[in-house]
Amino acid sequence: MIPVTKPFLPPREEYEALLDNVWQRNWLTNNGPLVQQLEDELEDYLDVPHLNYVSNGTIALQIAIKVLGLKGEIITTPFSYVATTSSIVWEGCTPVFVDIDPETLNINPDLIEEAITGETTGILATHVFGNPCDIEAIQDIADRHDLKIIYDAAHCFGTKYKGKSVYSYGDISTASFHATKLFHTVEGGAVITKDPEISHKVQRMRNFGHAGYEEFEGVGINGKNSEFHAAMGLCNLQYIEDILVKRKTQWLFYQDLFEDVEIKSITLNPEAVFNYSYYPVIFENEDITLDIKESLEEAGISPRRYFYPSLSDLEYVNGKLMEISKDISQRILCLPLYHDLTEVQQKIISSTIKKTFQVV
Ligand SMILES: *Cc1c(COP(=O)(O)O)cnc(C)c1O
């Protein structure tokens, strides 16, 4: 069985060594020393000023919307994981979809301005598959219309844009450290910002609004994370360079394997150092895509339809047709990519796909 992704696990002794300290301190959660250490190490590694570790990437998005005070309409992409849209709705705002660029699969900045109304307060865009959006164009629009920018950077661990971590852009970038992501802490996420005041508010918000045992500053939620999760992150961070190098090698190997067939992937942002976190392939139409998915599954390989359906088709949103997002979502698959996927397995995957092509 070859899954689409497989969580990296560090040597068990290394995790257990950190847990020994947890047992000694008997401090399990509530901003413990391992959580603080993970935040420091991540700020260092990513070279970002303020990174607040939270329970998951979805609560990171919800806190981001709340802390920036977004109300009314938020312009967003229909091509992302469902959490991007559901967070907007959960926070009582209305997602207004803008279609994607068919080459990068990121929100198309040329279509943003016509979607802005008097109710618009922000833009929530995803750097899809870790490939940065057109950051300058989006910033320029936001500046001209006085809008806040949140980047759902759940796929972006290790991605750089113009020499800096892509998490440094926008008013806030959010990360997910879920087990299926390139860097993970089992469950986890982060709210990243340049603004110390926003960062301070996020720290209050993720902890019920506590400003002391008996004092509260604003409404909060429980978005904290635990020592056990932080320990996993600290162990995994030791291996991140290896993981990144491996991903790149595997990604380029897929590219070689598919050189002789008509399979499209995404166009990478030329200003970015990409993290090679996903290997999406786009086929000619939905029938071929489903045939290929089926033959891969018969061979014990699990690709995933990331992202299907187009979020503009969710039943709780205004269902305006997003043609490109809908079209791409029907004919895209993400192929297996994880730290110990072998070349032999990649060859099996590519030959299964090529064989199906010849049959249909
Ligand atoms: C994984 C993911 C999320 C949600 O992160 P969790 O940590 O699972 O809550 C949000 N947005 C995108 C684009 C994701 O891929």
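Bear in mind these aren't lab numbers, they're just calculated from the coordinates by the rules spelled out. The model shown is predicted, which means the values in this text are computed figures rather than measured ones. FYI the Cβ positions are ideal-geometry reconstructions off the backbone, even for glycines, and counts take in every protein chain you see.
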Exercise. Show which lysines lie in cross-link reach of Lys71 when reach means a straight Cα distance below 28 angstrom and same-chain residues fewer than eight apart are skipped.
Key: Lys148, Lys194, Lys201, Lys224, Lys320, Lys326
Practice problem: For the range 98-218, just say rounded, prolate or oblate: build the C-alpha gyration tensor, square-root its eigenvalues into a ≥ b ≥ c, call rounded for a/c under 1.5, and beyond that prolate if a/b exceeds b/c, oblate if not. | Solution: oblate
Exercise. Return Arg304, Arg12, Arg206, Arg25 ranked ascending by Cβ neighbour count within 10 Å, so the fewest neighbours appear first.
Key: Arg12, Arg25, Arg304, Arg206
Practice problem: Arrange Tyr254, Tyr213 by Cβ neighbour counts within 10 Å, fewest through most, would you? | Solution: Tyr213, Tyr254
Exercise. Take the chain, connect every pair of alpha-carbon atoms lying under 10 Å apart with a spring to form a Gaussian network, then pick out the residue of Thr174, Thr104, Thr85 with the largest mean-square fluctuation.
Key: Thr104
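Sort 311-317, 331-337 for me by packing, meaning the mean count of neighbouring Cβ atoms within 10 Å per residue, highest on top.
The peptides rank, most packed first, as 331-337, 311-317.
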Quiz prompt | Trp23 versus Lys347: modelled label distance in nm, points set 7 Å from Cα along the beta carbon direction | solution = 4.6 nm
Quiz item: If you build the Cα gyration tensor of the chain and take the root of 5 times each eigenvalue, what three semi-axes come out, in whole angstrom, biggest first?
Solution: 33, 28, 17
Practice problem: Quick one: grab the alpha carbon gyration tensor of the range 56-127, order the square roots of its eigenvalues as a ≥ b ≥ c, and give me rounded if a/c is under 1.5, else prolate or oblate depending on whether a/b is larger than b/c. | Solution: oblate
Practice problem: In a Gaussian network model over the chain where Cα atoms closer than 10 Å are linked, find which of Glu91, Glu114, Glu103 has the largest mean-square fluctuation. | Solution: Glu114
Quiz item: What shape does the range 92-162 have by the C-alpha gyration tensor, where a ≥ b ≥ c are the square roots of the eigenvalues, rounded means a/c under 1.5, and otherwise prolate means a/b greater than b/c and oblate the rest?
Solution: prolate
Exercise. May I ask you to list the lysines whose Cα is less than 21 Å away from that of Lys246, ignoring any residue fewer than eight positions away on the same chain?
Key: Lys6, Lys160, Lys181, Lys347
Quiz item: If we count other beta carbons within 10 Å of each Cβ, what is the order of Leu9, Leu257, fewest first?
Solution: Leu9, Leu257
Quiz item: Can you list residues whose amide H is under 5 Å from Glu187's amide H, if they're 5+ apart or on another chain and H is modeled 1.01 Å from N?
Solution: none
Quiz item: Reachable aspartates and glutamates from Lys293, Cα under 16 Å, same-chain residues fewer than 8 places away excluded?
Solution: Glu284
Quiz prompt | Inter-part distance where the range 66-120 and the range 188-231 are each reduced to a Cα centre, Å | solution = 25 Å
Quiz item: With a sphere of radius 12 Å drawn around the Cβ of Asp256, what net charge do the other residues whose Cβ falls strictly inside it have (Lys, Arg +1; Asp, Glu -1)?
Solution: -2
Quiz item: Who wins for biggest fluctuation among Gly32, Gly170, Gly118 in a Gaussian network model of the chain, springs between alpha carbons below 10 Å?
Solution: Gly118
Practice problem: With both partners inside the chain, how many of the DSSP beta bridges are antiparallel, as a percent to the nearest 5? | Solution: 55 percent
